[in-house]
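Notes to accompany the following structure.
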């Protein structure tokens, strides 16, 4: 299904979090969005196949804030590398792993 939201800063993210429930999967490279989804009991995976956990998301938030501080002071930090075939494979593997966990938890395997 398609959902449209009003334009604005973090409007879409806020709606995703509002609708997110325990057991859902959120695919995002947005660290704060992933953190909020995890707080609500959802799983979060980035497009490179890294699953965020309560432990790793804190570290990622800290690093994100540090990089924001560097950029604000004028230091150019660059962006992430382009999505590679290896990243796509890692994502597919992590997605399948999550799906199998969901199926097992529901007794469907």
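Since every read-out is calculated from the coordinates, none of them should be taken as a lab result. Every value quoted in this text rests on a predicted model; they were computed, and no experiment measured them. Cβ placement follows ideal geometry from the backbone for every residue including glycine, while neighbour counts extend to all protein chains displayed.
With respect to the chain, whose longest principal axis is taken over its alpha-carbon atoms, helix 54-72 is tilted by about 20°. Distance between the modelled labels on residue 103 and residue 7, one decimal in nanometres: 4.3 nm (7 Å Cα→Cβ projection). Once you divide the Cα radius of gyration of the stretch 51-93 by 2.2 N^0.38 Å, the number left is 1.48.
In Å, what Kirkwood hydrodynamic radius results for the chain from the alpha-carbon pair distances?
Details: mean 1/r = 0.0643 Å⁻¹.
So the Kirkwood estimate lands at 15.6 Å.
Computed on the chain, with alpha-carbon pairs under 8 angstrom and 6+ residues apart, the relative contact order is 21 percent.
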